[in-house]
Amino acid sequence: MCYKVGGQPAFFMAETGWPAAPRAVAHRAAPSEIGSYGREAGAVSVDERLWELCEDYLAAEELELDDLVVAGRGPRVMKIIIDGEDGVGVDRLASASRGISRLLDEMDPFDGPYSLEVTSPGLERKLRRPRHYEKSVGREVTVKTGVEVDGSRRHRGVLESVGADGFVLRMDGAERKISFGQVRSAQTRFEWKKIPKSARKSG
């Protein structure tokens, strides 16, 4: 599917499939310089302004800004992860992508072309903020730490609780406390459960 969004051409592509999360991608060319916005904003960084802009818009749409990541030194990639009380379907992703694209047309935050990707967290998702851990309590997660914790830098278990400074994993019946500052990477895990052949035949 293609849409022309905002003042300049943009493209939206929706990919569906399970268990992968539905995603929406919009591309456009932004001619202005990122530095110009930063100078006008004073102490407020571009990343902070982007977060505020997207968070306010999504809140009005009864959606939650789950994460925002800007990557790349040439053509930038801005990835926005959104969530909702009952999840987020493809139609809502498409609508949010168009709305955010229009806001970015007005803000003009980047120098040169960039891509905007709007997606939902999915069944497996990276844990980058305390809020991500809080939403994943009760799920199985894998964590890599920069230092050894209880003799290991790799940890896999059920996320039992989250506090102000870290979290607790339940591993083989024991608790392992890890601080956010020790984490190098973390994400939830999802495993397909194979249906026995006998059950498939009986169905």
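The values are calculated or read from the model by the stated rules, or taken from the named source; none is laboratory data. From a predicted model like this one, the values you see are computed outputs, not experimental measurements. Because the Cβ atoms are built from the backbone with ideal geometry, glycine has one as well, and the counts that use them run over all protein chains shown.
Scanning region 156-177 for residues that are surrounded by 13 or more Cβ atoms within 10 Å (Cβ to Cβ), over 17 Å from LYS135 (Cβ atoms) and in contact with a Ser or Thr (Cβ under 7 Å, 6 or more places away or on another chain) yields a total of 1. Residues in region 131-150 that are farther than 14 Å from ARG189 by Cβ, surrounded by 15 or more Cβ atoms within 10 Å (Cβ to Cβ), in contact with a helix residue (DSSP H, G or I) (Cβ under 9 Å, 6 or more places away or on another chain) and not hydroxyl-bearing (Ser, Thr, Tyr): VAL149 only. Look at (1) within 26 Å of CYS54 (Cα to Cα); (2) surrounded by 13 or more Cβ atoms within 10 Å (Cβ to Cβ); (3) without any contact (Cβ under 8 Å) to a residue 40 or more places away in the chain and you find that ARG153 fails only one, number (1).
Annotation note: of SER120, SER136, SER179, the sole residue that is modelled with pLDDT of 95 or more and of a type outside the set (Phe, Trp, Tyr) is SER179.
Considering the conditions (1) assigned by TED's automatic domain parsing to the domain that holds CYS54; (2) touching a strand residue (DSSP E or B) at 6+ places or on another chain (Cβ under 8 Å); (3) without any contact (Cβ under 8 Å) to a residue 24 or more places away in the chain, ARG98 is excluded by exactly one of them, (3).
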